[in-house]
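Taking it in order: structure first as structure tokens, then the write-up.
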Amino acid sequence: MDLFEMDETRTMSREEAAARLRALADSLAKHNSVEFARDGGRITVSVPEQVNLKVEVELGDDNEVEIELTW
């Protein structure tokens, strides 16, 4: 299988970001997968029952909260 990599950064309101996170969480909980659009197509990522969740918080000149799921 070819490597699929997606790295996207967009500016949006806090409310829009929260809605995007909720949509990802709802899809993960209901469908055991998440879907992403790229180059006019869609890719579905199946997620197993057990995952590793990593949350990083960096405070300084630029603040960052990073959420990562791996399996």
Leaving out ligands and nucleic acids, and using a 1.4 Å probe, what accessible area per residue does the chain come to in Å²? 93
Looking at the chain, identify the longest residue range that excludes and avoids all GluC sites (Glu not before Pro) in DSSP loops having at most 15 other Cβ atoms within 10 Å. 9-48
Using 0.36 nm per residue, how much length does the chain from Val47 to His31 gain when fully extended, once their Cα-Cα distance is taken away? 4.9 nm
What trypsin sites (Lys or Arg not before Pro) in the chain are in a loop by DSSP, with at most 10 other Cβ atoms within 10 Å of the Cβ? Arg10
Quote the Stokes-Einstein diffusion coefficient, in whole µm² s⁻¹, for the stretch 1-69, based on the Kirkwood radius over alpha carbon pairs, a temperature of 4 °C and a viscosity of 1.567 mPa s. 91
Nothing charged except the Cβ atoms of Lys and Arg (+1) and of Asp and Glu (-1): what's the magnitude of the dipole of the stretch 24-71 about its Cα centre? Round to the nearest 20 debye. 460
Percent carbon-and-sulfur accessible area, the chain, ignoring ligands, DNA and RNA, probe 1.4 Å: 48
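The values are calculated or read from the model by the stated rules, or taken from the named source; none is laboratory data. A quick note: this is a predicted structure, and the numbers were derived from the prediction, not measured. Every residue, glycine as well, gets a Cβ built from its backbone with ideal geometry; the counts of neighbours run over all protein chains shown. Heavy atoms of the whole protein, side chains included, go into the accessibility calculation; ligands, DNA and RNA do not. Shrake-Rupley method; radii C 1.70, N 1.55, O 1.52, S 1.80 Å.
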